[in-house]
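K.L.:
Quick one: the structure is below, questions incoming.
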């Protein structure tokens, strides 16, 4: 819920529906990626990467815990499966960024690829006939869902700021152990 001031000076609470909340998250992360791309300083890049990881971890968590289960059955199953796999692909890069350092080889490339993955994922959620549109068309109560998402998001943000971002948990990938070789 957002608080706004009316003309007479009193404040009211506005309910943000689920799609509006998730789209606002998308815009915020897009802005963080743009700032990262424009930044040259290592310390600022590190802070931005940390913020990107935090925001994406919270966003993926609320979608996976609340939004996706609520719309499953109302949205094309293949789209839902792809959404989980896309989240897991992003989580692999988030884990790499969280374990790495701005000065590491491929760090900027990982941020760039994560940005591109997220752009694709957003398109799959926001595009015509995609997840959000199908869920709305099915009559899912976006207002009630938005309240749940906002409450869980606030809870996670507070918890992660105190304890740090947890190690990503995948839902569609098995966590195959890879051998890390030298770049060719």
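Every number here is computed from the coordinates shown, using simple stated rules; none is lab data. In this text the structure is predicted, and so the values were computed from the model without any measurement. Methodologically, a virtual Cβ is constructed for each residue, glycine included, from the backbone with ideal geometry; neighbour enumeration extends over all protein chains shown.
K.L.:
So if each residue of separation counts as 0.36 nm, and I subtract the Cα-Cα distance between residue 79 and residue 128, what length gain in nm does that give?
P.N.:
Between residue 79 and residue 128, full extension yields 16.4 nm more.
K.L.:
Nearest 10 degrees, 0 to 90: what angle lies between the long axis of helix 42-62 and the longest principal axis of the chain (Cα atoms)?
P.N.:
With both axes taken from Cα atoms, the answer is about 50 degrees.
K.L.:
Please work out the Cα center distance from segment 94-169 to segment 60-91, rounded to the nearest Å.
P.N.:
The two parts, judged by their Cα centres, are 11 Å apart.
K.L.:
Taking the highest mean first, how do the peptides 161-168, 56-63 order by number of other beta carbon atoms within 10 angstrom per residue?
P.N.:
Peptide ranking by packing, descending: 56-63, 161-168.
K.L.:
Could you please rank 26, 120, placing first whichever residue has the fewest other Cβ atoms within 10 Å of its Cβ? Don't jump to the answer; show the numbers that get you there.
P.N.:
On the way: 26 19, 120 13.
By the 10 Å Cβ count, ascending, the order reads 120, 26.
K.L.:
Note down the relative contact order for the chain as a percent, whole number, built from C-alpha pairs under 8 angstrom at least six residues apart.
P.N.:
Once divided by the residue count of the chain, the mean separation gives 32 percent.
K.L.:
Let me ask something else. For the chain, what is the mean residue ellipticity at 222 nm derived from helices alone (per DSSP H run of n ≥ 4: -39500 (n - 2.57); sum divided by total residues; nearest 500 deg cm²/dmol)?
P.N.:
-21500 deg cm²/dmol
K.L.:
So if I restrict to the alpha-carbon atoms in the chain, what is the Rg, and what is Dmax, the biggest pairwise distance, in Å?
P.N.:
Rg then Dmax for the chain, in Å: 17.7, 66.
K.L.:
Report the residue, chosen from 116, 99, 37, that carries the largest GNM mean-square fluctuation when the chain is represented by alpha-carbon nodes joined by springs under 10 Å.
P.N.:
99
K.L.:
What angle, in degrees between 0 and 90 and rounded to the nearest 10, separates the Cα long axis of helix 77-99 from the longest principal axis of the Cα atoms of the chain?
P.N.:
Between the helix axis and the principal axis of the chain, the angle is about 50 degrees.
K.L.:
For the pair residue 35/residue 23, report the inter-label distance in nm, with labels modelled 7 Å from Cα in the Cβ direction.
P.N.:
With each label point 7 Å from Cα toward Cβ, the separation is 2.3 nm.
K.L.:
Hey, fewest Cβ within 10 Å first, where do 53, 130 land in order?
P.N.:
The order, fewest Cβ neighbours first, is 130, 53.
K.L.:
Using the alpha-carbon atoms, what tilt in degrees (0 to 90, nearest 10) does helix 107-126 show relative to the longest principal axis of the chain?
P.N.:
30 degrees
K.L.:
In addition: Neighbour counts of other C-beta atoms within 10 Å: give me 152, 171 arranged from fewest to most.
P.N.:
Placing the least packed residue first, the sequence is 171, 152.
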